[in-house]
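Working notes, structure below.
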């Protein structure tokens with residue numbers, strides 16, 4: 001940068017304006033000086049900036065300092081601090097896109113260093129801070145540093161003194177002063193000539209009688225002026241004293257001679273204003289004396305004139321002596337200051353030398369100690385290192401355990417949120433990309449298709465290491481309306497154990513991702529055959545059908561009581577009721593009929609696009625007639641499903657056949673029940689069929705209330721089914737079908753139906769451990785007091801027990 005800037009200056013030639021800015025560092029006052037210089041000169045053409053910084057000379061002498069790293073480190077540290085100190089000022093120039101050159105000067109005299117830099121580099125404009133700002137980091141004996149800089153700076157340079165970002169004073173260069181004098185010369189000459197004429201006329205009028213005295217006084221004044229000018233040339237001190245002395249002498253002499261009377265005007269001799277009292281020749285005695293003896297009077301005047309002349313010269317000599325004496329005192333004081341500074345630097349160097357020697361001794365002792373370390377110390381250090389590693393390993397293990405615990409807590413919280421269900425608070429589904437759905441389904445291969453209906457095709461695939469069912473809706477992108485996205489948002493936040501869980505979606509392509517149900521639909525199980533498979537499915541036993549009826553009713557009740565508006569399925573049928581591994585039922589396709597504008601070419605089970613939505617045999621007659629959908633429409637479809645659970649027959653004409661069988665007293669009702677379900681309890685089977693017939697009434701006002709009439713009956717039938725299932729399982733266990741040992745309750749010694757973990761760490765049947773805690777406060781396994789009476793459901797064990805029983809029954 002320095003070479004580039006020098007080349008630019010050389011190209012500019014003599015017309016370049018070189019501006020130097022003297023700064024200390026990065027305080028606010030220094031920034032004000034730089035900011036003023038940029039504002040004043042940066043906009044001008046052919047301007048070159050130089051940044052001046054003066055720092056004290058290095059106190060470490062080269063001859064005395066040791067030739068090791070101490071001096072080098074010290075100098076590098078000083079250079080680094082200087083660069084950091086000047087960095088803000090450099091940034092200010094860079095921000096204005098102005099190039100500048102940094103000059104770091106080493107000197108103990110700030111003013112002389114700056115003056116020499118101005119002389120060497122031809123600097124025409126110098127910008128400094130006021131002395132009150134304390135721009136430089138060390139103090140000189142002279143209190144006003146900016147004044148001294150102005151005095152010693154070459155006269156061809158203009159000095160600008162800045163205080164608080166504003167111009168405080170300017171010392172113009174000789175070029176500016178000469179220009180000013182030339183401009184004002186004509187006016188001054190006119191004034192001087194007028195004044196001289198006035199003085200001459202006045203003098204000739206008033207001193208006409210004493211021409212000799214007047215001429216000698218004028219000559220005396222001229223001598224006074226020349227001597228004073230000589231003294232002023234030698235020193236700038238006592239100028240005012242010289243002028244005052246000459247005035248006093250001339251006035252005194254005139255007063256002693258008694259030549260003038262009092263007057264209000266003054267006469268100037270040779271540039272000196274003599275303020276005195278003019279006297280006229282009113283003293284007649286003096287006048288006559290002068291007239292009577294002119295020779296003696298003239299001789300006396302000559303003597304007085306010579307005497308006064310000698311007095312003036314003597315006084316000027318004394319003034320010159322005083323000036324010389326003052327200069328000697330100043331020089332002596334400077335010598336004393338330099339001696340004191342030299343002593344301080346010598347003392348500082350001595351201290352540094354002592355500290356360096358001490359440091360060398362410490363290093364040498366440490367080196368010897370390291371070389372002669374005892375074996376016991378090495379062993380201790382090895383043991384300490386081993387302990388440190390063990391601590392680090394334990395810390396890492398602790399952090400990993402905490403991370404795993406946090407992950408388990410988050411997973412538990414996620415599962416609890418999923419099991420709570422119901423609240424429409426936040427989005428609970430994942431948005432899948434269309435490309436990953438296409439890749440997972442092998443471009444919607446027919447081999448992965450597991451179902452097809454009026455709303456779309458269903459494919460089984462793996463997404464994110466999870467087996468899922470993807471339903472691709474039969475609808476163009478243009479038909480995916482705002483209603484679809486609103487209902488999708490609602491479905492993603494509905495949670496119920498017997499509603500099919502929506503895992504995610506691809507809204508842009510009308511694709512829904514559900515949890516996969518391994519045992520297919522209820523329709524497939526009732527017909528004992530899976531699609532695309534000739535292998536028959538094991539039939540559902542009657543107690544499982546009672547339980548499924550209750551599960552469907554509880555899910556419908558949840559939908560119908562949703563706030564703020566009930567949710568109506570409108571397409572409830574056995575094909576939309578899915579079964580998991582344990583034959584637990586879940587309702588699917590909730591709300592889809594309201595969200596999608598169906599394509600008539602794919603809606604074979606629907607009347608038409610503008611007519612009622614649903615499958616023919618499950619559509620409410622009133623809804624079919626009026627087009628108004630109500631929760632009772634789902635009640636009608638649920639009644640038909642109850643009749644199919646009992647008979648495993650088609651829905652067409654099923655209600656009429658069962659009504660006829662109930663009226664017949666010859667036992668035809670038992671014959672119409674599904675024989676593959678086992679030995680039906682006739683009484684309970686009739687109750688379920690009668691509930692189904694009431695739900696399938698033609699008018700909705702004749703249908704029973706779901707919460708008050710249907711659910712209580714099905715709840716009782718579910719309890720009967722649960723007892724029958726347990727008895728059936730025990731019967732199978734008696735035939736060498738033993739359960740794993742951890743399935744048994746330690747208290748009842750039976751397979752648990754509702755396992756819970758107590759505070760002692762063991763799992764018990766909830767009912768048994770609750771009764772135990774009411775009477776005892778000690779663990780039945782450890783005989784130690786329970787820390788607390790908290791019971792946590794063991795969901796993983798319950799799932800394993802259910803799966804074991806399902807396989808056992810199959």
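The values are calculated or read from the model by the stated rules, or taken from the named source; none is laboratory data. All of these numbers come straight from a predicted model, not from anything done at the bench. Please note: Cβ atoms are built from the backbone with ideal geometry, for glycine as well, and neighbour counts cover all protein chains shown.
Take the residues in the stretch 766-786 that are out of contact with any strand residue (DSSP E or B) (no Cβ under 7 Å at 6 or more places or on another chain) and not in a loop (DSSP other than H, G, I, E, B), then tell me which one is surrounded by the fewest Cβ atoms within 10 Å (Cβ to Cβ).
This residue is 775.
Are any residues in the stretch 314-330 over 30 Å from residue 109 (Cβ atoms) and surrounded by 13 or more Cβ atoms within 10 Å (Cβ to Cβ), and if so, which ones?
315, 316 - these are the residues of the stretch 314-330 that are over 30 Å from residue 109 (Cβ atoms) and surrounded by 13 or more Cβ atoms within 10 Å (Cβ to Cβ).
What do you reckon, is residue 503 in the same structural domain as residue 676 (by TED's automatic domain parsing), part of a strand (DSSP E or B), buried (at least 20 other Cβ atoms within 10 Å of the Cβ) and modelled with pLDDT of 90 or more?
On the way: in the same structural domain as residue 676 (by TED's automatic domain parsing): yes; part of a strand (DSSP E or B): yes; buried (at least 20 other Cβ atoms within 10 Å of the Cβ): yes; modelled with pLDDT of 90 or more: no.
Criteria not met by residue 503.
Hey, residue 518 hits all of (1) in contact with a strand residue (DSSP E or B) (Cβ under 6 Å, 6 or more places away or on another chain); (2) within 23 Å of residue 555 (Cβ to Cβ); (3) surrounded by fewer than 20 Cβ atoms within 10 Å (Cβ to Cβ); (4) modelled with pLDDT under 90 but one; which does it fall short on?
The single condition residue 518 does not satisfy is (1).
Considering only the stretch 491-500, state which residues are at pLDDT 90 or above and out of contact with any strand residue (DSSP E or B) (no Cβ under 9 Å at 6 or more places or on another chain).
none
Determine which member of the set 398, 333, 350, 311 is more than 30 Å from residue 57 (Cβ to Cβ), out of contact with any strand residue (DSSP E or B) (no Cβ under 8 Å at 6 or more places or on another chain) and surrounded by 11 or more Cβ atoms within 10 Å (Cβ to Cβ).
Values: 398 fails: surrounded by 11 or more Cβ atoms within 10 Å (Cβ to Cβ); 333 fails: more than 30 Å from residue 57 (Cβ to Cβ); 350 fails: more than 30 Å from residue 57 (Cβ to Cβ).
From the options 398, 333, 350, 311, the qualifying one is 311.
Has the stretch 470-490 got any residue that is surrounded by fewer than 16 Cβ atoms within 10 Å (Cβ to Cβ), modelled with pLDDT under 85 and closer than 25 Å to residue 652 by Cβ?
Within the stretch 470-490 (the criterion being surrounded by fewer than 16 Cβ atoms within 10 Å (Cβ to Cβ), modelled with pLDDT under 85 and closer than 25 Å to residue 652 by Cβ), the answer is no, since none of the residues qualifies.
Please go through (1) exposed (fewer than 15 other Cβ atoms within 10 Å of the Cβ); (2) on the phi < 0 side of the Ramachandran plot for residue 97 and return the number of the only condition it doesn't satisfy.
The single condition residue 97 does not satisfy is (2).
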